[in-house]
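Heads up: the structure comes next, in structure tokens.
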Amino acid sequence: MLFSFRWLLLEYAVRSLFRRFGKNFFIFFILSFLIFILSSVLMIAESIKAELNATLKTLPDMTLQRFVAGRQTPIPVSRVDALLEIQGVGSVTPRIWGYYYFKPAGVNFSVVGLDAYEEPYSATMARLIKDVDWTQQHSHAMTMIVGEGVKTILRENYYNDFFNFITPEGQTKKVGIAGVFHSDLALEANDLIVLPKQTAYEIFGMNASDATDIVLKVSANVSEIPTIVAKIIEKFPDLRVVTRDDIRVSYQNIFDYKSGFFLALFCVCAFAFFIIVYDKSNALSSEEKKEIGILKALGWDTDTVLQEKFFESFILSLGAFLFGLATALFYVYALQAPLLRAIFTGYSALKPPFALPYTLSSSMIVLLFLLSVPVYIAATLIPAWRTSIVDADEVLR
């Protein structure tokens, strides 16, 4: 049904909303809250997915880990030459890295040993060491580059220019802070500490002839990766090969699991919303029926009544949609979604916080709009139409 636009009818609809301010404000609040919850969860999920996908692109083709008795153990660096002999392997880089628990702040730092002369194993590390000079003059013999989250935590604990690592033997290893690692990949770089390999070996108490794991880049087509993996396992049965695709599947499994929480939240919100819709679509209040009867007695036809009700429902639902969406944007990207983002990131305090990147898709906005505004308009127009087709005197009685 096509309606001709009338400004006076729009003004009447606005005044009608204010006449029943209490009821309409309650509906506005409920709709805004439901849209806020749904859009906030969707925004958080999209932001974390964007971070994970961006991080995934920087990872090596394969990561080799050695397991003995079901536990990961260091890999002898001497295996590098044997791995290079496998056809299809482009480069092999042993890595020394691990987690360092900083008890005063209750967080884990990711510590990576990296020398300036060696080939970086990821694009992120390549950007990092590009402008790093490990031989720069500093008040301390050893230096390190830290992520923004690490720098903030160290500053809060009065470490401005250096940090004292405690080795497994209980000795103190003083390392100067040469710079801050500014990266657009918060999940990868925020809790990161990069320092020379020799320093990393001393902090972890590891033998210089071992590596935490080994990363490989393939020179063959990616379709040959399963064949290369089979050759590696055949030569070294104690190695576990983790490919980039394996990590991608792991990320997806995590989100499938976390999506169960979102599904439960979505069902609760949708159930509450459709209760309101069902209640409103079944019958109008006696006051609203009386108003329609009076308008019919004054000469309004059915089309005019429906147009006025359309204006009422559209203003209310669109206002609630825009308010809920704007509130969600502020909550997620300005306040960084306290409490709600724990659905996806967990409640552990062992990782420095990271900023959710801004990712707002038009498809998500359209989905939220279609789930709220048209549904509420239909729930308002259907009972209004049922009442407006009845004779005015019968409605007033």
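The values are calculated or read from the model by the stated rules, or taken from the named source; none is laboratory data. All figures in this text were calculated on a predicted structure; none of them were measured in a lab. We place every Cβ from the backbone using ideal geometry, glycine too, and count neighbours over all the protein chains shown. With ligands, DNA and RNA removed, areas are computed over all heavy atoms of the protein, side chains included. Shrake-Rupley method; radii C 1.70, N 1.55, O 1.52, S 1.80 Å.
Counted residue by residue at 0.36 nm each, then reduced by the alpha carbon distance between them, the extension gain from VAL268 to TYR100 reaches 56.4 nm. As a fraction of the 1.4 Å probe accessible area of segment 73-114, surface on carbon and sulfur atoms comes out at 53 percent. For the pair ASN253 and ASN207, label points projected 7 Å from Cα toward Cβ lie 3.2 nm apart. Only alpha carbons enter this Debye calculation for segment 57-98, each as an equal point scatterer, and the log10 of I(q)/I(0) it gives at q = 0.31 Å⁻¹ is -1.24.
Subtracting the Cα-Cα distance of THR327 and ILE382 from 0.36 nm times their residue separation leaves 16.8 nm of extension gain.
How would you rank 171-179, 6-14, 90-98, highest first, on the average number of other Cβ atoms within 10 Å across their residues?
Per-residue mean Cβ counts within 10 Å order the peptides as 90-98, 171-179, 6-14.
Potential lengthening of the chain between PHE25 and SER362 amounts to 118.5 nm, from the contour at 0.36 nm per residue minus the alpha-carbon distance. Sorting the segments 146-156, 22-32 by their residues' average number of neighbouring beta-carbon atoms within 10 angstrom, most packed first, yields 146-156, 22-32. With the cut-off at under 20 Å, measuring from each backbone N in segment 37-81 to a point 7 Å along the Cα-to-Cβ line of GLU234 picks out 62-65, 79-81. Note on segment 294-344: Kirkwood radius taken over Cα pairs, Stokes-Einstein applied at 20 °C and 1.002 mPa s, translational D equal to 154 µm² s⁻¹.
Taking 20 Å as the cut-off for C-alpha to C-alpha distance, list the pairs among LYS57/LYS217; LYS49/LYS151; LYS103/LYS173; LYS197/LYS231; LYS174/LYS197 that go past it. Going by Cα-Cα distance, LYS49/LYS151; LYS197/LYS231 fall outside the 20 Å limit.
Once the Cβ-Cβ distance between ASN164 and PHE67 is put in as r, and R0 is 30 Å, what FRET efficiency do you end up with, to the nearest 0.05? FRET efficiency, ASN164 to PHE67: 0.35. With bins 5 Å wide beginning at 0, the percent of Cα pairs of segment 1-103 falling in each bin runs 2, 7, 8, 9, 9, 10, 7, 6, 6, 5, 5, 4, 4, 6, 6, 4, 1, 0. Our coupling estimate for segment 100-112, obtained by passing each phi through the Karplus curve with A = 6.51, B = -1.76, C = 1.60 and θ = phi - 60°, is 10, 7, 9, 4, x, 9, x, 10, 9, 9, 8, 9, 10 Hz, Gly and Pro reported as x.
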